[in-house]
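The values are calculated or read from the model by the stated rules, or taken from the named source; none is laboratory data. Computed from a predicted model, the values in this text were never measured in an experiment. Quick reminder, even Gly has a Cβ in these numbers, built from the backbone with ideal geometry, and neighbours come from all protein chains shown. Quick note on the areas: whole protein, heavy atoms, side chains included, nothing else; ligands and nucleic acids left out. Shrake-Rupley method; radii C 1.70, N 1.55, O 1.52, S 1.80 Å.
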Amino acid sequence: MKQKIILVGLNHRTAGVEIREAYALAECDPCRLGLVRPEGPVTEAVTLSTCNRVEILAVADASVQPEAILSFWAETCGGSVGVLGPHVYAHQGLDAVRHLFTVASSLDSMVMGEPQILGQIKDAYRASVDHGSSKVILNRLLHKAFSVAKRVRTETAIASSAVSISYAAVELAKKIFGDMSTNRAMLVGAGEMAELAAAHLVNAGIREVLVANRTLSRAKELAGRFKGRAVPFEELTSRLPEVDIVISSTGATEAVIRARDVKPVLRARRNRPMFFIDIAVPRDIDPDVNALDNVYLYDIDDLKEVVEENLAARRDEAVKAGAIVEEEVGAFSRWLESLELQPTIVDLLARGEAVAERELAKTLKRLGPDVSPETEEALRTLVHSVAHKLYHEPIAYLKRRTQEEGRAQNIINTTRHMFNLDDDSVPAEAHAQRKGAVLPLRPARCVHAAATDDES
């Protein structure tokens, strides 16, 4: 292929948040900014920009180096290559394809197996289609990345276990209550951890979320986001009988829920089970609560243990996912090689048609002026049909052979030389035989053996 795929990027492992923010490429239009332009060396480009990752995926002439993409990136962000360069990784060819498939499958994410990155790549692709910067190769590559990610999620358990504290808390609640559509939950505190827990609870189908916070306005804001109810902090204990699940994450220096507060709550609930999750440090819930009947209490250390076990399980699944990625990289490589073959097939058929037209012209000249238009058209159809049929087997052979790894370019070069598709000058004496020379004939069985060996 005369063009190549280039990927230049940085992520949460190679760059701090200051660099990621300074060199973000949100809403970047490669065509408007001049990276992709008619007759330019870069023919296609997609930019991906998230809080943890910024990448430029491009298709360019073989002469283009990653440094050219890096320079465009730095200039677009008003920065310098000297500042950006040390934080950047670059991949070319199948290494770029492999990296994209790995990222889309969430094997390169901060939280392995998280689903957000695939949606972000789809958004980036849609933007590139709108901008007109994604064409034949990137269209195929991005759609293949989506299917690879789907295979990884379907054929492995990479995303089946909780690997964040808030998610693990909600997953534990689901194990206790099962269907959560009849349950209510209370969040004590309204910080980031509580917000994440609320999101997971809503996704799990919780009936209602109550939010208790020392600052009532913040409680109202968070509750409103999830169509829940805000609770004044001083009413926390009196509202406990209404809820089945309590997730606490305040910044208090001492316990806000004590065992003596929970005992009357259980009586009011007629001993229906309650689930307490304490993800605060220091702890918000008195450990003695766990000694009460029908009460389940988990603190952040318990949840960290669950998360570590699940991360280990995901790492095992990542090995299976990696094998899927490699298989799909091979499939995409074969498709790229088929692109290399297309010009040769077109040239081969064009050469056959040109020969057919020349020979037809000679034949019509010999037949004289009395040939009818119908006969001339029938002869034209005949010679073109013969030419196409003669090239059918060579073309089928080319398609088979170019699918073999590492052989595509050699087979194509040999074919172009064999049929002189590039119109190389050939000395007149090259085909002349010495007077009286006789070419030796090979035995039929040897010819058959050679054909068999060549097809193997």
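See the values below:
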{"quantity": "Protection proxy ranking, peptides 205-212, 387-394, 187-194, average beta carbon neighbours within 10 Å, highest first", "calculated": "187-194, 205-212, 387-394"}
{"quantity": "Residues of the range 18-111: accessible area per residue with a 1.4 Å probe, Å²", "calculated": "44 Å²"}
{"quantity": "Cα shape, the range 1-159, gyration tensor, a/c 1.5 rule", "calculated": "oblate"}
{"quantity": "Karplus-derived 3J(HN,Hα), 6.51/-1.76/1.60, for each residue of the range 38-55, Hz, glycine and proline x", "calculated": "x, 6, x, x, 9, 9, 8, 6, 10, 10, 10, 9, 10, 5, 10, 7, 9, 9"}
{"quantity": "Amide H within-cut-off set for ASN183, under 5 Å, with H built and near neighbours excluded", "calculated": "ARG207"}
{"quantity": "Heavy-atom accessible area ranking, 1.4 Å probe, most first, across THR156, THR253, THR237", "calculated": "THR253, THR237, THR156"}
{"quantity": "Rounded accessible area of ASP108 (nearest 10 Å², 1.4 Å probe)", "calculated": "30 Å²"}
{"quantity": "Cα-centred dipole magnitude for the chain, charges only on beta-carbon of K, R (+1) and D, E (-1), debye, nearest 20", "calculated": "820 debye"}
{"quantity": "Peptide ranges 93-104, 317-328, 259-270 listed from the most packed, as the mean C-beta count within 10 angstrom indicates", "calculated": "93-104, 317-328, 259-270"}
{"quantity": "Estimated FRET transfer efficiency (GLU327, ASN410; beta-carbon r; R0 30 Å; 0.05)", "calculated": "0.80"}
{"quantity": "Cα-Cα P(r), the range 17-62, percent of pairs per 10 Å interval", "calculated": "27, 46, 23, 3"}
{"quantity": "Phi to ³J(HN,Hα) by Karplus 6.51 cos²θ - 1.76 cosθ + 1.60 over the range 375-389, Hz, x for Gly, Pro", "calculated": "5, 4, 5, 5, 5, 4, 4, 4, 5, 5, 5, 4, 4, 5, 5"}
{"quantity": "Radius ratio Rg over Rh of the range 320-382, counting only Cα atoms, Kirkwood formula for Rh", "calculated": "1.47"}
{"quantity": "Antiparallel DSSP beta bridges within the chain, percent to nearest 5", "calculated": "45 percent"}
{"quantity": "Cα lying deepest toward the dipole's positive end in the chain, options LEU367, ALA45, ALA396, charges on Cβ", "calculated": "LEU367"}
{"quantity": "From the C-alpha gyration tensor of the chain, square roots of 5λ in Å", "calculated": "69, 25, 21"}
{"quantity": "Area of TRP335 that stays accessible when all protein chains are in place (1.4 Å probe, Å², to 10)", "calculated": "40 Å²"}
{"quantity": "Sites ASP61 and ARG32 - FRET efficiency at Förster radius 25 Å, r taken between beta-carbons, to 0.05", "calculated": "0.75"}
{"quantity": "Relative contact order (%) - criterion: Cα under 8 Å, at least six apart; region: the chain", "calculated": "11 percent"}
{"quantity": "Label-to-label distance, nm, for residues given as GLU374 and ALA354 (7 Å Cα→Cβ offset)", "calculated": "3.4 nm"}
{"quantity": "Amide H contacts of THR156 (H built 1.01 Å from N, under 5 Å, at least 5 apart or other chain)", "calculated": "none"}
{"quantity": "Compactness of the range 176-268 - radius of gyration and Dmax, Cα, Å", "calculated": "12.5, 35"}
{"quantity": "Descending Cα extents along the principal axes, the range 267-317, whole Å", "calculated": "46, 24, 13"}
{"quantity": "The chain - mean residue ellipticity at 222 nm from DSSP helices (-39,500 (n - 2.57) per run, n ≥ 4, rounded to 500)", "calculated": "-17000 deg cm²/dmol"}
{"quantity": "Solvent-accessible surface ranking, highest first, for HIS12, HIS143 at 1.4 angstrom", "calculated": "HIS143, HIS12"}
{"quantity": "Overall dimensions of the range 185-233 by Cα: Rg and Dmax, Å", "calculated": "9.3, 27"}
